[in-house]
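Okay, structure first, notes after.
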Amino acid sequence: MSVWNYVVTAHKPTNVTHSCVGNFTGPQELNLIVAKCTRIEIHLLTAQGLQPMLDVPIYGRIATLELFRPHGETQDLLFIATERYKFCVLQWDAEAAEVITRAMGDVSDRIGRPTDNGQIGIIDPDCRLIGLHLYDGLFKVIPFDNKGQLKEAFNIRLEELQVLDIKFLYGCPKPTIVVLYQDNKDARHVKSYEVVLKDKDFLEASLSQNNLDNGADLLIPVPQPLCGVLIIGEETIVYVNASTFKAIPIRPSITRAYGRVDADGSRYLLGDHNGLLHLLVITHDKEKVTGLKIELLGETSIASTISYLDNAVVYVGSSYGDSQLVKLNLQPDAKGSYVEVVERYVNLGPIVDFCVVDLERQGQGQVVTCSGAYKDGSLRIVRNGIGINEQASVELQGIKGMWSLRSSTDDPFDTFLVVSFISETRILAMNIEDELEETEIEGFCPQVQTLFCHDAVYNQLVQVTSSSVRLVSSISREMLDEWHAQSGFSINVATANLTQVLVATGGGHLVYLEIGDRKLTEVKHAQLEFDISCLDINPIGENPNYSHLAAVGMWTDISVRIFSLPDLNLITKEHLGGEIIPRSVLLCSFEGISYLLCALGDGHLLNFLLSMNTGELTDRKKVSLGTQPITLRTFTSKNTTHVFAASDRPTVIYSSNKKLLYSNVNLKEVSHMCPFNTAAFPDSLAIAKEGELTIGTIDDIQKLHIRSIPLGEHARRICHQEQSRTFAICSLKYNPSSTEDSEMHFIRLLDDQTFDFISTYPLDQYEYGCSILSCSFSDDSNVYYCVGTAYVMPEENEPTKGRILVFIVEDGKLQLIAEKETKGAVYSLNAFNGKLLAAINQKIQLYKWMLRDDGSRELQSECGHHGHILALYVQTRGDFIVVGDLMKSISLLIYKHEEGAIEERARDYNANWMSAVEILDDDIYLGAENNFNLFTVRKNSDGATDEERGRLEVVGEYHLGEFVNRFRHGSLVMRLPDSDVGQIPTVIFGTVNGVIGVIASLPSDQYVFLDKLQTNLRRVIKGVGGLSHEQWRSFYNEKKTVDAKNFLDGDLIESFLDLSRSKMDEIAKAMSVPAEELMKRVEELTRLH
Amino acid sequence: MWKEIGKRESGELRPSLFCSRIRSSRAASLQLSNHKEIVSAHRGSVNSLQVDLTEGRYLLSGGADASVAVYDIQNSTHCEERGLVAKHKSIFVIDKQHEHGHKYAISSAIWYPIDTGLFVTGSYDHYINVWDTNTTQVVMNFKTPGKVYRTAMSSLATSHMLIAAGTEDVQVRLCDIASGAFAHTLSGHRDGVMSVEWSTSSEWVLLTGGSDGAIRFWDIRRAGCFSVLDQSNSQLGRRPPFLDHSAMNKASTSKSSAAGQSSSVKARGLQRKAANGNGSKQSTIGRVRSQVKGSMKPRLHPGLLSSQDRATAHYGAVIGLKMTGDGMYLLSAGSDSRLRLWDIESGCNTLVNFETVRLQTTKPLQLSLTQDSALVFVPCMATAKAFDVWSGKTRLTLRGHYENMNCCWFNAQDQDALSRKGQAALDEDNWSD
């Protein structure tokens, strides 16, 4: 790999951090706005459910998200503040259907200690000011003027140092905040202050309450007319206003999120750490609060946000499990729950660990993640491309074509499958037992190859062979009419729809037939100058049975032409360029836009926008799908039409956001495909591949596919063992029922196909599984699972005892072969020169696998290396060991065979708190650190002095904005040896927010080119809220901020493809590269993930 | 630790909070390191210690034997006792034999804050020397009228390169490295100046503590000091009652006219002065530049009443000053064996009662704070004590020296504390957990 890295997101963040409800896109429209760390999604609430409107990246990690409505506005504005102290106010522009920036700014202070408990951003309910608590001891105020514009910000000193929550109170003549804080003696109190704008200072207000519940950490301000504030603790809930104090005890729980149900604030939904949803009711007599009531509603995912939408429908956003849309019923169900889950939104976060495996052995990686936490823990299998779930298959050699036919025109299902071979045609049909069985249609000619088949109106079928077109009744199955080609000219290609047939014979003859009741009529004949290579008359106009346009691909001049029907007049001729003839053309329409797709013999695909009125072809784009000729076919899945491109790299073409997308199908080579929608196998496809005919259903059409395996416990570490075809995980199960938080820790063995637990090894009390590895040792052919553990005693700050356990899988069971006690937590395990390398607290320790006299094996310590604060992350390559320290960045160790010792070779002297490391190549190491940055360091073996050689030089720096938990070498896409991107090595990473990303090492020239493109894109693509991309990607920690170097933001570069043509041209001009070329290069890059 | 790492992995613990928790737990469990030993090159007491601010790797020490030494505290020079004890020998020593070396004890040795290419030493021989680290040659020196007690450079400064020097003389001198001359002299103290400290929130603000017991605040762009801390002013934690407050504010906002100045100042009195400090400080924290133009400063200085001007922070000399990283609090040590915590905005003595300490009184002391400002390390005779800054309770007592200690340094990067003994040092100790 190289120092020039390209970072791109394969799976966007899914961890919901904030959500709010309001009238953002229109005065009458109710919107749900969801923040997923670095993205915001705007949804519209409709009768059908939530309808996505916009999903945009924010150049920052969202710290606060609030909707508010200044005086005189008819709809809400959105306030966003980021963790790097930028804020913006966004407004919806209904005409352009995009967000515009009303205001933006920077609220950072040069000095000040960032708050430990996270940033707080709040807006006065009467819209007089915005309050921010960003630094300990300071409260920043951004006042609004009379017109709702923001004025200059200022700080007010806040004496409370440990602030837990701040909220604005409702119904106060002056803006008033209520502060929940902890004092030096760890007691919690509530205080309130009036903000005096004129003096830029606070005035103590009357509401206060001392010595609250020790777990109190959430305030809920109650709107008018009740006013006051609710203080949510772990054991009590308290309501306070100037005159009233009410409290109720609750079952011990930590409330993570709340959502207000009624505008008057008398009911609230509370979500706790176990995922239980409660309803809190403030009982009141007019404006006087008489008491509090709380009721358990049911269970949801562990909520991080709760937004009450409308009509008892609630959005539950989660950080630890899938987010949900739930309905609250008036009556409990059989289990006593009032909660009904209407919809789930997949969330991979937090990805604590993952492994890259090739379970289907197709040469394509899949990622298996440990996702979720607590009860929502799960394994997720993430793979790129669309899967075919095989339902039946028959061995059949030499298939030349396939079509499905119905037994009558009105039949919703297909009955027959016509399979054509070089010298015969066979017909298969589903029998009563749902088996495929050979049958006959008497009217068809079975002794020759069929060129085309189709259903026709009036319960008829059409078969085209090289000599004739036959019209057959689908009921009597007898031939009704036949049209013969001119003698001497055989039919080469043909196509048909329900009412039309178009055939091309040798010598460039094009014949157009129409289908009548029991009758074929030759309507028009045209003589073209060259032979015809492919045809299509797929009806995409208003009439689903009849097409006004015909697409024709030509030999010799390599062109594609559009003819009008029925008069066969040439409308458009488009030369394709090059020497490769078109092999398949297809008229199709996606999301109301008509396209002409044209596949070439070398695996390239051209697409054009097709004007239905004029037949004009515009906006030509070319992509490479494979290397072999492509056959295009449409099919329908979930009521949407897609196109299947059969070739050596089968691809599904679909459209999303009015943009064509290509998703590869997880099959090796497909020669032909046709939809085969039978009653027994609805929405199925018949697929011809190497000597086999398969019937299967297709996954949802989207790029990444995620399968969930709910575990009900929290998986922390995972690894795969090829030999035993198993996964092993370290997991912990919480026991919420018992009073103390008791946890049980396990090593579990899972089958890699079914993902069932097949064996479990329970760990001791207080023993945690910290690391897991599948490896083998020198002079021992067995493959073992090695597990590193730690005994985490409640009274100990740092574990002082742990174990290394060595298991073998026998008969699907975990058998403990050896165990070795260690003097600390085993944070990492690596296979190293046929030995086992463990990171134990401050130490790196090497163990060898020794044969004892009695034939049993044991781990024996060989050598070690001290000198780390905590060696948390270790990777090895050859004799080199790269250690990611808790707080001392990366160091490089080397194992010396002769001396049997490990020595330090070099280190990075920066104080980076590491979260993951990986070795990119012999000299370059990649690290992720605590402040969401990535960096690379290089070994400086040619340094002149020891000092230089002993220093790892920082060569790349980049702000990712995501907390990376793990890097792994591998790829999510199938690697084709002949494509350019196939040669680019990649590393996959997984983050807390559920992002799966890819880091690709580019060659130098490509990096320079893309860097220039990125610079140009920054000028054209403006960040939402006016946030700067350059600043966002700059490396940032407490000590320094420096521009990103040697890393490129692939997400920005790939957004080039979403630009309008004029903007593309603008960039192409600035780059002095044709737009086509740019597009091609960027499309190549999208193949990396 | 493992639990914390697990919580960070699952996103339950914010990474920044993870850091501060680990830091404070490491700071709270400091012990004398058995694995690391810094071999002192000094034949007398060590008066000053500093680890460089850029890499946290090089330790600079200044000794009473007029020598100054630099150590690499990350890479050991050799190991002893079967590799268990890593010894760190000095990279170089400059002593009296050096042609430009100091003649008498070095009281202060500090790194140039931007890189390790320069360092500054101040000595009882009245000279302040600026050294080039690579060549170990003096590139510049300044002659002061008395013994140099303390030197300081601002780590924030972007527009000046001034060394503030506290000497026997009543005037504080600012030595400009750029020009090689004294840029300013700051007059106000009535006795020698034992401690100087630059503000951590503004590059223009300097704090000095004198043998006269006063702690003065200077804005170096203006003449005179703008604030003097008064130990009897202790009204922290009370927002002024409503009426009084607004009246006061009216006064302070309306005084832009020069004529109204004296009257408004008078009206303010003692407590008002605190509020003034508040106003000016606040803007220092927020937007330094814009605030400077405000009307507060000039009004403050000429009007500083003689009674205020005479206020003292300690009975006896102020021997050590340390400002918290966020620039909101100041810790001072006095020869009255007291530590005081000051709220800088209001200029109030917070009255945190630091458990009785006995401080050595004749020399300036070097205090140090942990990164989150939760613990302050104070050399108390033969031990270093770590106090909780907010409650004043003793959290740690670090024993390891046989003689009195003068200085200590907390290395934020690795959470190691270093401390140096007074007389005849045997070796210097490195504290880590």
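The values are calculated or read from the model by the stated rules, or taken from the named source; none is laboratory data. All of these numbers come straight from a predicted model, not from anything done at the bench. We place every Cβ from the backbone using ideal geometry, glycine too, and count neighbours over all the protein chains shown.
Between A:Gly864, A:Gly878, which is at pLDDT 90 or above, surrounded by fewer than 18 Cβ atoms within 10 Å (Cβ to Cβ) and either within 11 Å of chain B (Cβ to nearest Cβ) or touching a helix residue (DSSP H, G or I) at 6+ places or on another chain (Cβ under 9 Å) (or both)? Let's see the steps before the verdict.
Values: A:Gly878 fails: either within 11 Å of chain B (Cβ to nearest Cβ) or touching a helix residue (DSSP H, G or I) at 6+ places or on another chain (Cβ under 9 Å) (or both).
On inspection, the qualifying residue turns out to be A:Gly864.
Quick one: which strands (runs of 3 or more DSSP E) lie wholly within segment A:664-757 and hold at least 2 residues that are touching a residue at least 60 places away in the same chain (Cβ under 8 Å), more than 25 Å from A:Leu359 (Cα to Cα) and of a type in the set (A, V, I, L, M, F, W, C)? Walk me through it before giving the result.
Numbers: elements: A:672-676, A:684-689, A:692-698, A:704-710, A:714-721, A:726-735, A:742-751.
Passing ranges, in order: A:672-676.
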Report summary line: Checked pairs for segment A:908-921, first within 17 Å of A:Thr986 (Cβ to Cβ) and within 11 Å of chain B (Cβ to nearest Cβ), second of a type in the set (D, E, K, R) and part of a strand (DSSP E or B), C-beta under 9 Å and 6 or more apart or across chains, list as A:Ala916/A:Glu929; A:Ala916/A:Arg966
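If only one of A:Val196, A:Val240, A:Val281 is farther than 28 Å from A:Val21 by Cβ and among the β-branched types (Val, Ile, Thr), which one is it?
Details: A:Val240 fails: farther than 28 Å from A:Val21 by Cβ; A:Val281 fails: farther than 28 Å from A:Val21 by Cβ.
Unique residue meeting the criteria: A:Val196.
If you go through segment A:546-561, how many residues are among the hydrophobic types (A, V, I, L, M, F, W, C), over 17 Å from A:Leu513 (Cα atoms) and either surrounded by 18 or more Cβ atoms within 10 Å (Cβ to Cβ) or free of Cβ contacts under 8 Å to residues at least 12 places away in the same chain (or both)?
Result for segment A:546-561: 3.
Kindly indicate which of A:Ser891, A:Ser971 is of a type in the set (Ser, Thr, Tyr), within 14 Å of another protein chain (Cβ to nearest Cβ), in contact with a strand residue (DSSP E or B) (Cβ under 8 Å, 6 or more places away or on another chain) and under 28 Å from A:Ser771 (Cα atoms). Spell out the reasoning first.
Working: A:Ser971 fails: within 14 Å of another protein chain (Cβ to nearest Cβ).
None of the other options fit; the residue is A:Ser891.
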Query - Listing of helices (runs of 4 or more DSSP H) fully contained in segment A:981-1089 that carry 3 or more residues being more than 26 Å from A:Gln364 (Cβ to Cβ) and touching an Asp or Glu at 6+ places or on another chain (Cβ under 8 Å) - result: A:1004-1020
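When you scan segment A:74-122, how many residues do you find that are within 14 Å of another protein chain (Cβ to nearest Cβ) and either touching a Pro at 6+ places or on another chain (Cβ under 6 Å) or part of a strand (DSSP E or B) (or both)?
Matching residues across segment A:74-122 total 4.
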Report task. Identify all residues within segment A:516-545 that are within 40 Å of the chain's Cα centre (by Cα) and surrounded by 13 or more Cβ atoms within 10 Å (Cβ to Cβ); write none if there are none. Result -> A:Cys534, A:Leu535, A:Asp536, A:Ile537, A:Asn538, A:Pro539, A:Ile540, A:Gly541, A:Asn545
**Report entry** Failed item in (1) buried (at least 24 other Cβ atoms within 10 Å of the Cβ); (2) within 14 Å of chain A (Cβ to nearest Cβ), with B:Ala384 passing the rest
**Finding:** (2)
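Which residues, counting only those in segment B:375-389, are hydrophobic (A, V, I, L, M, F, W, C) and either part of a strand (DSSP E or B) or at pLDDT below 85 (or both)? It would help to see each step written out before you state the result.
Filtering segment B:375-389 down to residues hydrophobic (A, V, I, L, M, F, W, C) leaves B:375-378, B:380-382, B:384, B:386-387, B:389.
Once the filter is applied, which keeps residues that are hydrophobic (A, V, I, L, M, F, W, C) and either part of a strand (DSSP E or B) or at pLDDT below 85 (or both), segment B:375-389 yields B:Leu375, B:Val376, B:Phe377, B:Val378, B:Cys380, B:Met381, B:Ala382, B:Ala384, B:Ala386, B:Phe387.
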Report summary line: Checked segment B:303-317 for anything surrounded by 15 or more Cβ atoms within 10 Å (Cβ to Cβ) and at pLDDT below 75; matches are B:Gly303, B:Leu304, B:Leu305, B:Gln308
Requested in this report: Quick one: count up the residues across segment A:772-789 that are of a type outside the set (Ser, Thr, Tyr), without any contact (Cβ under 8 Å) to a residue 40 or more places away in the chain and either in a strand (DSSP E or B) or within 14 Å of chain B (Cβ to nearest Cβ) (or both).
Outcome: 0
Query raised in the report: Does segment A:490-503 contain at least one residue that is more than 26 Å from A:Asn613 (Cβ to Cβ) and either loosely packed, with under 14 Cβ neighbours inside 10 Å or over 50 Å from the mean Cα position of the chain (by Cα) (or both)?
Result: yes
**Report entry** So A:Ala838, is it in contact with a helix residue (DSSP H, G or I) (Cβ under 7 Å, 6 or more places away or on another chain) and not aromatic (Phe, Trp, Tyr)
**Finding:** no
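Quick check on segment A:144-163: of everything there that is under 14 Å from A:Ile177 (Cα atoms) and crowded, with 18+ Cβ neighbours inside 10 Å, which residue is farthest from the other protein chains (Cβ to nearest Cβ)?
Of all residues in segment A:144-163, those under 14 Å from A:Ile177 (Cα atoms) come to A:156-160, A:163.
Checking which are crowded, with 18+ Cβ neighbours inside 10 Å leaves us with A:156-158, A:160, A:163.
Working: A:Ile156: 8, A:Arg157: 6, A:Leu158: 11, A:Glu160: 10, A:Val163: 13 Å.
Ranking the candidates gives A:Val163 first.
Condition (residue is within 14 Å of another protein chain (Cβ to nearest Cβ), surrounded by fewer than 22 Cβ atoms within 10 Å (Cβ to Cβ), hydrophobic (A, V, I, L, M, F, W, C) and more than 29 Å from the chain's Cα centre (by Cα)) applied to segment A:944-951: is it met by at least one residue?
To start, the set of residues in segment A:944-951 that are within 14 Å of another protein chain (Cβ to nearest Cβ) comprises A:945-951.
So of that shortlist, the ones also surrounded by fewer than 22 Cβ atoms within 10 Å (Cβ to Cβ) come out as A:945-951.
Cutting the leftovers down to hydrophobic (A, V, I, L, M, F, W, C) gives us none.
No: segment A:944-951 contains no residue that is within 14 Å of another protein chain (Cβ to nearest Cβ), surrounded by fewer than 22 Cβ atoms within 10 Å (Cβ to Cβ), hydrophobic (A, V, I, L, M, F, W, C) and more than 29 Å from the chain's Cα centre (by Cα).
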Query raised in the report: Out of all the residues in segment B:116-140, which are touching a Leu at 6+ places or on another chain (Cβ under 9 Å) and surrounded by fewer than 17 Cβ atoms within 10 Å (Cβ to Cβ)?
Result: B:Asp132, B:Val139
Query raised in the report: If B:Met140 satisfies every condition in (1) over 14 Å from the mean Cα position of the chain (by Cα); (2) not in a strand (DSSP E or B) but one, which is the exception?
Result: (2)
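Pick out, from segment B:1-93, the strands (runs of 3 or more DSSP E) lying fully within it that include 1 or more residues that are away from chain A (no Cβ under 14 Å) and buried (at least 21 other Cβ atoms within 10 Å of the Cβ). Spell out how you get there, then give the answer.
Numbers: elements: B:31-38, B:46-51, B:58-63, B:68-72, B:78-80, B:85-88.
Hits in segment B:1-93: B:31-38, B:46-51, B:58-63, B:68-72.
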Requested in this report: Return a yes/no flag: does segment A:49-68 have any residue that is over 26 Å from the mean Cα position of the chain (by Cα) and either crowded, with 17+ Cβ neighbours inside 10 Å or under 14 Å from A:Val21 (Cα atoms) (or both).
Outcome: yes
Requested in this report: Taking the options A:Lys12, A:Lys36, name whichever one is surrounded by 23 or more Cβ atoms within 10 Å (Cβ to Cβ) and either among the basic types (Lys, Arg) or farther than 19 Å from A:Val998 by Cα (or both).
Outcome: A:Lys36
Query raised in the report: What strands (runs of 3 or more DSSP E) completely inside segment A:11-59 contain at least 3 residues that are on the phi > 0 side of the Ramachandran plot and at pLDDT 90 or above?
Result: none
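Look at B:Val196 and say whether it is buried (at least 19 other Cβ atoms within 10 Å of the Cβ), out of contact with any helix residue (DSSP H, G or I) (no Cβ under 9 Å at 6 or more places or on another chain), more than 14 Å from every other protein chain (Cβ to nearest Cβ) and within 23 Å of B:Arg338 (Cα to Cα). Talk me through it step by step, then tell me what you get.
Working: buried (at least 19 other Cβ atoms within 10 Å of the Cβ): yes; out of contact with any helix residue (DSSP H, G or I) (no Cβ under 9 Å at 6 or more places or on another chain): yes; more than 14 Å from every other protein chain (Cβ to nearest Cβ): yes; within 23 Å of B:Arg338 (Cα to Cα): yes.
Taking the combined requirement at face value, the residue satisfies it.
Tell me which strands (runs of 3 or more DSSP E) are completely within segment A:181-276 and hold 3 or more residues being away from every other protein chain (no Cβ under 14 Å), or say none if there are none.
On the way: elements: A:188-196, A:201-204, A:218-221, A:229-232, A:236-240, A:245-249, A:255-260, A:267-272.
In segment A:181-276, A:218-221, A:229-232, A:236-240, A:245-249, A:255-260, A:267-272 are the strands (runs of 3 or more DSSP E) which contain 3 or more residues that are away from every other protein chain (no Cβ under 14 Å).
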Query - Residue selected from segment A:790-845 under the condition hydroxyl-bearing (Ser, Thr, Tyr) and within 13 Å of A:Gly769 (Cα to Cα), by the criterion farthest from the other protein chains (Cβ to nearest Cβ) - result: A:Ser828
